[in-house]
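Derivation of every value follows stated rules applied to the coordinates shown; laboratory data play no part. Keep in mind it's a predicted model, so treat the numbers as computed, not measured. As a convention, Cβ positions derive from the backbone with ideal geometry for all residues, glycine included, and neighbour counts pool all protein chains shown.
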Amino acid sequence: MSTTTPTAAEPTTPVGKAADYLDQRTKVGVLTKQLVRKVFPDHWSFMLGEIALFSFVVLLISGVFLTMFFEPSMALVHYENEHPASMQGQLMSVAFASTLDMSFEVRGGLLMRQIHHWSALVFMAGIVVHMMRVFFTGAFRKPRELNWLVGTMLMILGLLAGFSGYSLPDDVLSGNGLRIADGVIKSIPIIGSYTSYFVFGGEFPGEHIIPRLFTVHILLIPALLLALIGVHLFLMVLNKHTQYPGSGRTDKNVVGYPAVPVFATKMAGNFFIIFGVLALMGGTMAINNVWNYGPYDPSPVGAGAQPDWYMLFLEGSLRLMPGQTEIVIAGYTLSLNVLVPAVIIPGLLFTFLFVYPFIEAKVTGDKREHHVLDRPRNVPTRTGLGVAFLTAFIILALAGSNDLIATHFDMSINAITWAFRILFFVGPWFAFWITKRICLGLQRKDRELVLHGHETGRIVRFANGEYIEVHRPLDEHERWLRVNYEAHAPLEIEPATDARGVRRRGYKADRRWQRLSRFFFEDRVEPVTPSELEAAHSHGEHDELEPSHGSPELVSGSRSVEQEH
Amino acid sequence: MKALAARRHHRFAPVVLLLLALLVTGGVYAALAPSPAQADTASTEDIETGKKLFQANCATCHGPNAEGTTEAPSLVGVGAAAVDFQVSTGRMPMQMSGPQAAAKPPQMDEEQTAALAAYVASLGPGPAIPTDEQVDAAEGDAAEGMALFRTNCAMCHNAVGAGGALSEGKYAPALLETSDRNIYQAMLTGPQSMPVFNDATLTPKEKRHIIAYVAEQRDGSAGGLSLGNLGPVSEGLWAWIVGLGLIIGAAVWIGAKSS
C-alpha cells in the first residue's frame, strides 16, 4: 500500500486517524488484512495444538499470581499459621512455608495453585496429542521439518518447566524427584559428580537449588517457551496450514474458512472452554497437596512416590532396570543401572523424534513440498513406528506406576516388573507389526472399494440364469480420497562402480539408505491407477448402476480457497 | 471413573462393612472393653468360652493349645491386642492362602472376640488391648503425628495412609477406614510384614499422635476431591480423562459446528 494513493479517503474519526498514523509508518494494515483473510482448514484435530497454547496462557496468568506469594528461599522457619493442623510448629524451608501460606491464608491462593498445576498436566498432554496428530498425518514433511524441530524443543522445554515447577514447593515428594535428578546427573561418567556440585551449589540438597530452580522456572524457561512458541506460530502462518486429503484439496491451495470471523471465533470459543475446564478442575479436584507430603527432608520416602505423568516414563525406566548393572572399573563406579535407563533410553526416544522427519525424507527421496496430509494407513511403516514409539512410552509410564497397579489389581509387583521388562522389548515390535498389517489391510480394502464399488445387497438374475450382486461405484469424493496418495518404492541407487569400473565413493552409505528404504517401502499397496479403474469398469459393466447424483461440485459451500502464491 | 469406583469398592468393601459393624457395636464395646488391668484378671468363664471357641475355629492351624503348627505361628505371648486386631479386622480365622491374610468382614462378634483374646492372654503375658483413652484421636496432636507418620509409616502406607505395595503381592493396606483401636494395635503387634512399634520405639503418646494424624486425613482435602490420595499418577490419569476428555470433546463439537 502506498502512502500517496490519492483515492484513499482521509480518515475523519480519531480512531481512523490513529490507525492511519500507524499504518503510514508500519504498514500494519496490510499485514492485518492478509492475516484476516488467511484461510484456515477446519478439523477438530487442528485444534489440539490450541490445547497446549491456551493452557500455556492459563499457566502464565496463574503463574504470575503465584510468584506474588512464593518465596524461593531454603532458610528454615517454624510454621506458625493455624492451617493445616498437621503442619503447625514444624520446621520447614521458607519456600515450603510460603506454599502453605499461599494455599491457606491467601484468598484464592489454593485455587490458583491447583489451576496452575492442572494446566501444566493438560499442557503436556495437549503437546503430546498435538504431536501425535502431526506425526501420524505426516505434517512434519517439507516444508515443515523445521517447525517439527521447534515443536519437539517446545515439548522438552515443557518437561523442564514442569519438573522445575514441581520441585519449587520443597516438599518430600518433589525432593525425592530432585534426589533422583541428582543421581542421574552423578551417573554421567567423569563429569557427573562435578556437575551435581555445580547444579546444587555443593552437596545435595544444599541451600541453593530452590532459588536457582525458581529463576529457571519463572524466567529462563518461560522466555524460551514464549520465543519458540512465537517461531512455531510464525512458521505455521508462513507455511500455511496443512489440510486433510479430499476432493478439491491440493498441495497448491488451502480449503477452509477465513481467519476472521470464522476461525477467530472458534479459537476464542476454544480458549474460553479450555480456561473453563482448567478452572473447574482447579476448583474441585485436589492436586499436589504438599502438606500431605511434608517439608523436604532427605530421609523419608512415601509409598506411591512418583513424578507428574509426563516424567513417569523416566521413573518407569529406572524401576525396570536391574540394579546389578552397577560396575566398578579401577576404583571408579560406572552406574549403568542409572545411566542406561535415565540418560540413554530417554536420549534414544528424543533422538527418534528429532531425526525422524529427515530420515523419512531421505528414504523416500522425496524433495517436494507437501501441504495435503497423509491418511495414516497410506504410510504403514511410519504409522507402525509411531505406534511402537507410543507403546514404549506407555509401557515405561505404566512401569513407573507398578506399585499402584499391584495394589489396585491385586498383583505381585515383582511379576509386574518382570512382565514390563519383557514387554518393553517385545511390545513395540509387536505394536509395529500389527499396526503395519492393519494399515496394509485397510489400503487393500480401499483398493477393493475403488475397483468394485459398494456392495448394495441387491442380487440380480439374468435371463441365462447367471446371478450377480449389484455394486454401486464410489462417487468422486470417495474415490479421490482413496486414490490420491503415493506409495513410495524403495530407493534406487547407482551401481557400485562407474562406467570405467572404478568403485564409486559413497556407495556403501547409499546401500545402507537403500536397506532402510526397503524396510520402509518393501511392503506397499499401490493406489488404483486410472487404467486399472477403466479395466475394472469395462469388465464388470453390467453390474454397475449409475451414481444417483450428478457430477459433484468439488469445492462446495461457503468455504474459501486460498491459492498458493 | 466407574471402573475406578468399582475397584475401590471391591478393595475396600470389607473394610467399609467392618467399619459399619464397628460403629453399630461401638457403644456396646466401650462398655465391654477390658482395660489392661482387667485383661490379666479376665474371668475364668471368659477364658473357658475363649478356649472352646479357639478349639473350634483356630486350633486346626494354631494347634489345640495355641502352641503353633507348621501352618501357623504359636500364639503364646502374642497378647490380647494381637488377637483383638486379627479377629476384629476379620483377618483371623484365616481363610484363603494368598500372599498375606487379608482383612474381611469379622466372623466373631464382640463377645466372642473378647473371649478369644482373654484365652490367648491367659497363655502368656503380652500386649493388652488399648484403652479408649489411649486411642482417642482428640487427645493427640496431628502435627506431631504427621512427622512421626512420615518417618515411620509413610514408606509402606503412603503419605496419608492410602496404602502401598510391598514385594511379591504383599501390601500395606489403606488406613483411612481402619478404627483407631486397630491402628494402635497394629503398631503394637506388627501384623505379618509390618514391623512392631513397641512402647520404646513409639511411646503410647506418640501412637496417639499418629492416630490423630490419620483421623485428620478422613476429613478429606482442602483442595477438593482427593482422587484417592494416590499422588501424581492418579492426578495424571484424571488430567487425561477429565481435562483432555472434556477439551477434546469440545474441540470435536466446535469442529462439527460449521460443516
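Odds and ends about this structure:
- FRET E, pair A:LYS445, B:ALA256, Förster distance 25 Å, beta-carbon r, rounded to 0.05: 0.45
- Split chain A at each of the chymotrypsin sites (Phe, Trp or Tyr not before Pro) in a DSSP loop with at most 14 other beta carbon atoms within 10 Å, and the longest piece is A:1-408.
- The region of chain A that goes longest without hitting one of the GluC sites (Glu not before Pro) in a DSSP loop, each with at most 12 other Cβ atoms within 10 Å, is A:204-465.
- On the beta carbon distance between A:LEU146 and A:ALA496, with R0 = 35 Å, the FRET formula returns roughly 0.50.
- Summary value for chain A: 17 percent relative contact order, contacts being C-alpha pairs under 8 angstrom separated by 6+ residues.
- When the helices of the protein assembly as shown are scored as -39500 (n - 2.57) per DSSP H run of n ≥ 4 and the total is divided over every residue, the value at 222 nm lands at -17500 deg cm²/dmol.
- The gain in end-to-end length when the A:PHE519 to A:PHE271 segment is fully stretched comes to 85.0 nm, 0.36 nm per residue minus the alpha carbon separation.
- Two-site label geometry, A:VAL64 and A:HIS537: point separation in nm, points 7 Å out along Cα→Cβ: 6.2
- Column: log10 I(q)/I(0), Debye, Cα scatterers of chain A, q = 0.08, 0.10 Å⁻¹: -0.75, -1.06
- Label positions at A:LEU35 and A:VAL470, each projected 7 Å from the Cα along the C-beta direction, are separated by 5.6 nm.
- Relative contact order of the range B:137-217, defined on C-alpha pairs under 8 angstrom at six or more residues apart (%): 46
- Efficiency of FRET between A:ARG512 and A:ASP251 - r from beta-carbon atoms, R0 41 angstrom, step 0.05: 0.85
- When each of B:CYS61, B:CYS156 is scored by the number of other beta-carbon atoms lying within 10 Å, the sequence from fewest to most is B:CYS61, B:CYS156.
- Full extension of the segment from B:VAL196 to B:GLN107, taken as 0.36 nm per residue of separation minus the current Cα-Cα distance, would add 29.5 nm.
- Each residue of the range A:40-50 was assigned a 3J(HN,Hα) from its phi angle through the Karplus expression (A = 6.51, B = -1.76, C = 1.60, θ = phi - 60°), giving 10, x, 10, 6, 4, 6, 7, 9, 5, x, 4 Hz with x at Gly and Pro.
- With the simple spin-label model, which puts each label point 7 Å out from Cα in the Cβ direction, the A:ALA487 to A:HIS83 separation comes to 6.6 nm.
- Put the Cα centre of the range A:450-493 next to the Cα centre of the range B:38-102 and the gap is 77 Å.
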